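Asks: Below is the structure I would like to discuss, written out as structure tokens.
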Amino acid sequence: MTTDADALPGVVLLGSSGFIGRRIAASLAGKARVTAPSRNSGNRNPDSPAGPQEHNATSTMADIAALDAAALDATALDITAPGTLLPVLRYLKAPGTVIHAVSYVGSDPDLAREVNEAGTRNVVEQCRQSGNPRLIYLSTASVHGMGPHRGGGPYPCLPASAASAARAEAERMVLDYGGEVVRPNLVFGRGDRWLAPGLLRIIDTAGGWPGDGAARLSVIDAGSLGELVAGLALAESQPGEAFYAAYPEPIPVSVLVEGLCRASGRPVPPLLGDAPEVWQSLLDGGFSSHQIDLVTVDHFYPSERLWRISGVLPGAAPAVGMFRS
């Protein structure tokens, strides 16, 4: 006997407890039969460096309680261990979809290669071994490296960090498989461990904001990003395509900084201009050139295709309150 749940499309969601992964899970609730595997948390340090699109490899029933329990099957998984995904994928009824939202964005190059590169290779190989389900990979616009990037494109992959280089290689493997890639730029929302803390640390290190605050940036809130990825998974497959995920209109970094400072009870910092000592203070404070570039130079990308295909109404960056969500 076929139930209503059996008629829903099957989705395996890797990284379902992460900053963005749990939003994808919530957006799929009631629309898909979601299998959310979990990794043995004893195998990796849960306090490893975090970033704007980090997704913890550990997923538990409690982490995604918003999902219909009847649609959820939790199974031990570590994407860095070959073969552990096969039982889950073989259970996935065709046509099924795998959403790969596990990534490492810290500064350790060995971990970047292990999780982003080798882990993705394992995911792709096990997809091939289990009937070639559709595969969607959550990546980052940082695969393009240093700006300026001003809409349009396409932009070459010129990553400026070990983590982004490994994610660029992960993208290549997924696209070669015939999968799809989603590239957010800067993501904010409850649970953010990179964007808001990073902006505040720049202000504290420099004693103000470097540059003139005019750099335009692609941003999106984690909830809208979850809706976009879920909508893409439920839409017709787009083999070999990469999409940018952002509000349609870029936002000046001065608006980001002002909103963050007001939400944090801080005064809006002065704009410091392009004095060489300002940039040197940030380099001396441990920021890389790429990290500084990401928020002081234009980085915005066309996102209309993803909104349209996902069937989600385009949002607009909130002028106030964006760091209170």
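Asks: Would a scan of segment 147-157 turn up a residue that is closer than 19 Å to GLY240 by Cα and touching a helix residue (DSSP H, G or I) at 6+ places or on another chain (Cβ under 6 Å)? Lay out the reasoning, then the answer.
Replies: Quick first cut of segment 147-157, residues closer than 19 Å to GLY240 by Cα only: 152-157.
Of the ones still in play, those that are also touching a helix residue (DSSP H, G or I) at 6+ places or on another chain (Cβ under 6 Å) are 155, 157.
Within segment 147-157, one or more residues are closer than 19 Å to GLY240 by Cα and touching a helix residue (DSSP H, G or I) at 6+ places or on another chain (Cβ under 6 Å).
Asks: Let me ask something additional. For PRO197, are the conditions met, namely being without any contact (Cβ under 8 Å) to a residue 12 or more places away in the chain, within 20 Å of the chain's Cα centre (by Cα) and in a helix (DSSP H, G or I)?
Replies: On the way: without any contact (Cβ under 8 Å) to a residue 12 or more places away in the chain: yes; within 20 Å of the chain's Cα centre (by Cα): yes; in a helix (DSSP H, G or I): yes.
Yes; evaluated as a whole, the condition is true for this residue.
Asks: Evaluate the following for VAL255: is it without any contact (Cβ under 8 Å) to a residue 40 or more places away in the chain and at negative phi? Full working, then the answer.
Replies: On the way: without any contact (Cβ under 8 Å) to a residue 40 or more places away in the chain: no; at negative phi: yes.
Answer is no for this residue.
Asks: Then there's this: In this structure, is VAL187 in contact (Cβ under 8 Å) with a residue 60 or more places away in the chain, out of contact with any Ser or Thr (no Cβ under 7 Å at 6 or more places or on another chain), buried (at least 18 other Cβ atoms within 10 Å of the Cβ) and part of a strand (DSSP E or B)?
Replies: On the way: in contact (Cβ under 8 Å) with a residue 60 or more places away in the chain: yes; out of contact with any Ser or Thr (no Cβ under 7 Å at 6 or more places or on another chain): yes; buried (at least 18 other Cβ atoms within 10 Å of the Cβ): yes; part of a strand (DSSP E or B): yes.
Considered against the rule, which asks whether it is in contact (Cβ under 8 Å) with a residue 60 or more places away in the chain, out of contact with any Ser or Thr (no Cβ under 7 Å at 6 or more places or on another chain), buried (at least 18 other Cβ atoms within 10 Å of the Cβ) and part of a strand (DSSP E or B), VAL187 comes out as yes.
Asks: Looking only at segment 244-253, count how many residues are part of a loop (DSSP other than H, G, I, E, B) and open to solvent by less than 20 Å² (accessible area, probe 1.4 Å).
Replies: First, pick out the residues of segment 244-253 that are part of a loop (DSSP other than H, G, I, E, B): 246-250.
Those left that are additionally open to solvent by less than 20 Å² (accessible area, probe 1.4 Å): 246-247.
Selection size over segment 244-253: 2.
Asks: Can you find a residue that is more than 21 Å from SER103 (Cβ to Cβ) and either part of a loop (DSSP other than H, G, I, E, B) or open to solvent by less than 50 Å² (accessible area, probe 1.4 Å) (or both) anywhere in segment 160-180? I'd like the intermediate steps shown before the answer.
Replies: Quick first cut of segment 160-180, residues more than 21 Å from SER103 (Cβ to Cβ) only: none.
Scanning segment 160-180 turns up no residue that is more than 21 Å from SER103 (Cβ to Cβ) and either part of a loop (DSSP other than H, G, I, E, B) or open to solvent by less than 50 Å² (accessible area, probe 1.4 Å) (or both).
Asks: Also, quick follow-up: Report, by residue number, each residue of segment 254-309 that is closer than 26 Å to PHE243 by Cα and outside any helix (DSSP H, G or I).
Replies: Hits for segment 254-309 are VAL297, ASP298, HIS299, PHE300, TYR301, PRO302, SER303.
Asks: May I pose another question? Between a residue in segment 216-240 that is on the phi > 0 side of the Ramachandran plot and touching a residue at least 24 places away in the same chain (Cβ under 8 Å) and any residue that is of a type outside the set (Gly, Ala, Ser) and open to solvent by 30 Å² or more (accessible area, probe 1.4 Å), which pairs come within a Cβ distance under 8 Å, given they are 6 or more apart or on different chains?
Replies: GLY240/LEU175
Asks: In addition: Let me spell it out: the conditions are (1) surrounded by 14 or more Cβ atoms within 10 Å (Cβ to Cβ); (2) under 25 Å from ARG150 (Cα atoms); (3) in contact with a strand residue (DSSP E or B) (Cβ under 7 Å, 6 or more places away or on another chain), and ALA233 meets all of them except one. Which number is the exception?
Replies: With respect to (1) surrounded by 14 or more Cβ atoms within 10 Å (Cβ to Cβ); (2) under 25 Å from ARG150 (Cα atoms); (3) in contact with a strand residue (DSSP E or B) (Cβ under 7 Å, 6 or more places away or on another chain), ALA233 is out only on (2).
The values are calculated or read from the model by the stated rules, or taken from the named source; none is laboratory data. Note that this is a predicted model, so its numbers are computed, not measured. Cβ atoms come from the backbone with ideal geometry, glycine included; neighbour counts cover every protein chain shown. Heavy atoms of the whole protein, side chains included, go into the accessibility calculation; ligands, DNA and RNA do not. Shrake-Rupley method; radii C 1.70, N 1.55, O 1.52, S 1.80 Å.
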